[in-house]
Amino acid sequence: MARNKNVVPEAKDALNKFKMEAANEVGVNLKNGYNGDLTSREAGSVGGQMVKKMIKSYEESMK
């Protein structure tokens with residue numbers, strides 16, 4: 001059972017672009033499609049960068 005179902009299917013392209021930007025910022029070679037060759041550390045750094053950017057964006061919107 002897939003757990004990462006998008007609530008807003010139209011946002012899928014934007015999320016993928018966001019993920020690629022975050023991967024580039026932390027120096028992870030992320031490619032379209034299967035990325036099973038990434039280490040847990042690399043995958044975690046991409047997710048962590050995404051969260052960091054989302055928090056920063058939210059904090060700036062509150063100013």
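Counting the residues of the stretch 1-51 that are over 12 Å from the mean Cα position of the chain (by Cα) and in a loop (DSSP other than H, G, I, E, B) gives 19. Residues that are exposed (fewer than 10 other Cβ atoms within 10 Å of the Cβ) and not in a helix (DSSP H, G or I) are absent from the stretch 52-61 altogether.
Readers should treat all values here as calculations from the given coordinates under stated rules, not as data from a laboratory. None of these values were measured; they are calculated from a predicted model. Note that we place each Cβ from the backbone using ideal geometry, even for glycine, and neighbour counts take in every protein chain shown.
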